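The values are calculated or read from the model by the stated rules, or taken from the named source; none is laboratory data. Just so it is clear, the structure is predicted and the values come from calculations on it, not from any experiment. Counting neighbours? That spans all protein chains shown, and the Cβs are built from the backbone with ideal geometry, glycine included. Quick note on the areas: whole protein, heavy atoms, side chains included, nothing else; ligands and nucleic acids left out. Shrake-Rupley method; radii C 1.70, N 1.55, O 1.52, S 1.80 Å.
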Amino acid sequence: MTDEQKMLQDSAERYLRENYEFASRQNALDSGHAIDLDRWQAFSDMGWAAMTAPEDADGFGFGLADIAPVIESFGYYLVREPLLESAVLAGGVIAAASETAKAQYLPGIIDGSIIATIPQRNTAPLTIHTVDGEDRLRGDLQFVPSGGTASHILAPTKHGNQNHWAIIDLSQSGTSRVVYQSHDGRQGAHISVDQAYDGSCILLSGADADAATDALYTRAMLVAAAEGVGAMQGALDSTVEYTRQREQFGQPLSSFQALQHRMADMLIQTELARSLVLAACRAWDTQAENASTLALAAKAKVDLAARNVTQEAIQMHGGIATTNEYKVGHYFKRVALLESWPQHRDALIAEFIQRREA
């Protein structure tokens, strides 16, 4: 690990430990604030938004394996701000665009003035229609994660037989959104677009857009998997701490062998998932031939393991885990949402089987 990577990892762990305790997260959530703007700015000031940006755009140029521990920290501390969607995912598409587009949007991604997000995989693309002699960009993007807090959205777009990626400024006329609270504490949205089209919003077209789509959603799977591992670790640590403190029959719960075995199984599942995710991230960074297949396997494994671990954590905590004031239930809520991001686990498994058979 380089000095820069170690510094990034240490700064993330230290800042989140000291400034993102669960009580303050819940206070911000209960107050109705979609994100904490001071924390968002701190994320950018510490260089987190530049983690995977190219070095020629003032980024660090890190791969996913380099930043996997940082992503895990986001899962561990239940971070609500959409830094990963904006900097790692949307920023990755922008980094593959023209020099003009990179110069226009990447500085805003890095300094935090642009909050970008992406839609679910297999979302119906926007389309270009001619109405009364005017080209218009139209469509509905349903269930956009963090769509309620985003300033921009990257949207798949189709014109004729050609695919594109467009970036839409959500402050412009011709866009609207219906914001809703998702059960993991974030603000999703249904976004509608109906605006004049002049081509300036297009980032990538044709084969470049198709390649960017495959890369984007593979990266999204790996980011979601790494965050899921962080949530698993958080649920496990909370369970170990709770069983040491809670007594039954005059002994701490942690002294009972049956519970020790269950926590040992939680640990094994967490470590196996972490190893698989790291291997998949390294395969992606080195452009290994089986990188996308490994990403499918890693995401499917984490989805199943994270559900098992967080459910076990709830059972061993008892009723307290189901309350909104206790964090264990929030780990379950987050991994339940990640199970469908960027597409559902069943679809991942079906695609994995199809590739293996091919």
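Of the cross-linked pairs K102/K327; K158/K333; K299/K327; K6/K299, which ones have a Cα-Cα span greater than 27 Å in the structure shown?
Numbers: K102/K327 39 Å; K158/K333 34 Å; K299/K327 23 Å; K6/K299 25 Å.
Pairs exceeding the cut-off: K102/K327; K158/K333.
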Problem set entry | Note, ³J(HN,Hα) from phi for region 228-242, Karplus 6.51, -1.76, 1.60, rounded to Hz, x at Gly and Pro | x, 5, x, 5, 4, 5, x, 5, 5, 4, 5, 5, 4, 4, 5
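Sort region 113-206 into rounded, prolate or oblate with this rule: let a ≥ b ≥ c be the square roots of the eigenvalues of the Cα gyration tensor; rounded if a/c is under 1.5, and if a/c is not under 1.5, prolate when a/b is larger than b/c, oblate otherwise. Kindly include the intermediate steps, with their values, before the conclusion.
On the way: a/c = 1.95, a/b = 1.72, b/c = 1.13.
In terms of gyration-tensor shape, prolate.
Express in nm, to one decimal, how much length is gained between Q287 and Q41 on full extension, taking 0.36 nm for each residue of separation and deducting their alpha carbon distance.
Values: separation 246, 0.36 × 246 = 88.56 nm, distance 3.27 nm.
Result for the pair: 85.3 nm of gain on full extension.
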For this session: For A103 and T175, compute 0.36 nm times the residue count separating them, minus their Cα-Cα distance, and round to one decimal in nm.
Result: 23.5 nm
Seminar exercise, completed: Label model pair D214, R246: point-to-point distance (7 angstrom along the Cα→beta-carbon line) in nm is 4.8
Problem set entry | Most mobile of L236, L267, L37 in a GNM of the chain (Cα contacts under 10 Å) | L37
For this session: List the residues whose amide H sits under 5 Å from the amide H of D135, counting only those 5 or more places along or on another chain, with H placed 1.01 Å from N in the peptide plane.
Result: Y197
Problem set entry | Percent RCO, i.e. relative contact order, over region 36-92, from Cα pairs under 8 Å lying at least 6 residues apart | 36
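Do you know the relative contact order of region 24-133, to the nearest whole percent, from alpha carbon pairs under 8 angstrom that are 6+ apart?
Values: 99 pairs, mean separation 29.8, N = 110.
Relative contact order of region 24-133: 27 percent.
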Problem set entry | With at most 14 neighbouring Cβ atoms within 10 Å, loop chymotrypsin sites (Phe, Trp or Tyr not before Pro) (DSSP) excluded, longest segment of the chain | 1-248
Problem set entry | Amide H partners (placed H, <5 Å) of L170, local residues excluded | H152, I153
Seminar exercise, completed: For region 28-36, Karplus-derived ³J(HN,Hα) couplings (6.51, -1.76, 1.60; θ = phi - 60°; whole Hz; x for glycine and proline) come out as 5, 5, 5, 6, x, 6, 5, 9, 8
Exercise. When only Cα pairs under 8 Å and 6 or more residues apart are kept, what is the percent relative contact order across the chain?
Worked result: 16
Exercise. For region 302-312, in order, what is each residue's ³J(HN,Hα) by Karplus, 6.51 cos²θ - 1.76 cosθ + 1.60 with θ = phi - 60°, in whole Hz (x at glycine and Pro)?
Worked result: 5, 4, 6, 5, 5, 5, 4, 5, 5, 5, 4
Problem set entry | Residue-span extension gain [A279 to M7] - 0.36 nm each, minus C-alpha spacing | 95.7 nm
Exercise. Once the Cα gyration tensor of the chain is diagonalised, what are the square roots of 5 times its eigenvalues, in whole Å and ordered largest first, as equivalent ellipsoid semi-axes?
Worked result: 36, 22, 20
Exercise. Summing -39500 (n - 2.57) over the DSSP H runs of n ≥ 4 in the chain and dividing by its residue number, what mean residue ellipticity at 222 nm do you reach, to the nearest 500 deg cm²/dmol?
Worked result: -17500 deg cm²/dmol
Exercise. Does a label point 7 Å from the Cα of D194, set along Cα-to-beta-carbon, have any residues of region 113-150 with amide nitrogen under 19 Å, and which are they?
Worked result: 124-143
Exercise. Within a Cβ distance under 12 Å of T270, other residues only, what is the Lys/Arg minus Asp/Glu net charge?
Worked result: -3
Problem set entry | Part-to-part distance (alpha-carbon centres) for region 78-147 and region 282-349, which is given in Å | 25
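For the chain, which whole percent of the accessible surface, found with a 1.4 angstrom probe, sits on carbon and sulfur atoms? Write down the numbers at each step before the final one.
Numbers: 7860 of 15930 Å².
Answer for the chain is 49 percent, counting heavy atoms of protein chains only.
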Problem set entry | Volume of the Cα convex hull of region 1-90, divided per residue and given in Å³ | 89
For this session: Tell me the label-point distance for the pair R138, H183, using the 7 Å Cα-to-Cβ offset, in nm and rounded to one decimal.
Result: 3.5
